[in-house]
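Everything below concerns the one structure shown next.
The values are calculated or read from the model by the stated rules, or taken from the named source; none is laboratory data. Bear in mind the structure is a predicted one, so any value in this text is a computation, not a measurement. Glycine gets a Cβ as well: all are built from the backbone with ideal geometry, and neighbour counts include every protein chain shown.
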Amino acid sequence: MAASAGPLAYLRGLALAVLASGLLSGAPAAAEPLGRVEIGQAAPGFTAMGADGRTHSLADYAGKVVVLEWTSPVCPFTAVQYDSGAMQALQRQAARHGAVWLSIDTSAPGRPGYLTPASARARIAKIHATVTAFLSDPDGRIGRAYGAKATPSFFVIDPRGRLAYQGAMTERGADNAAKGPDLVAAAIEAIDAGRPVAVPETEPYGCAVEY
C-alpha cells in the first residue's frame, strides 16, 4: 500500500513544518504520563461519544476483532495514508474480516485537530472512510489509557478482549515514508486464522497526539 509520488512529496514538505512546531511524535505530548498496555493484556474499557450521536463502549463489541485508529484531520502523516487510498483499503479489508473499526480523535476544543460531530461526519464522507464509529476523546482519557502517542497509530484487540497488536500501520524507511507490508492487516488476518501475530508491536510514527 505504498503512497504515490504526489502524496509523498506532500508529506515531506509538511513534515518539516510539523517537526518545527513540536507536534511530531517524540516531543513531550502531555503533562500527565501515558499508560501502557502490554501485548496479551486486557484492553482498557472505555465509553465515548461518536460522531453519529451515539455512545460507543468497547464492551459493545465483545467477541469481535476491534481496530482502534488514532487519527487527526491536521496531521500530514495521516493525510498521506488517506490521500493515497491506503487507509480506506485497509478499512475495507478489516470490514471483510468482520472487524470493528473505531477512529479516535484525541483533541480538545480549541486544538488544531478538534472536530465537532458535524465536521467529523463531513470528514468521513469526504475521505470515504469505512468506520464503525468516529469517536471523540477530548479529555484524552482513552488515549492515555492506551498510551497513544502518534497519529496515525493503531491498537488491534482480539475477540477475547486482549491487545494483539499496537504500533504503526506500516514500517517506515529512512525518509519517513511508509514501506513494506501492512502490519495492521497482517495482525487482523493472523487473529482471524487463529495464529499468533508475527509482529505484535512496532513503534508508531507521525504527529504527536494533541493531549
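Observations
- In summary, residue 204 fulfils each of the numbered conditions (1) surrounded by fewer than 21 Cβ atoms within 10 Å (Cβ to Cβ); (2) modelled with pLDDT under 95 with the single exception of condition (1).
- Taking strands (runs of 3 or more DSSP E) as the structural unit, those lying wholly within region 120-171 and holding at least 2 residues that are over 22 Å from residue 77 (Cβ atoms) correspond to 163-167.
- Filter result (of a type in the set (D, E, K, R) and farther than 15 Å from residue 183 by Cβ) within region 52-90: 52, 54, 60, 64, 83
- Residues of region 126-161 that are under 18 Å from residue 90 (Cβ atoms), buried (at least 22 other Cβ atoms within 10 Å of the Cβ) and hydroxyl-bearing (Ser, Thr, Tyr): 151, 153.
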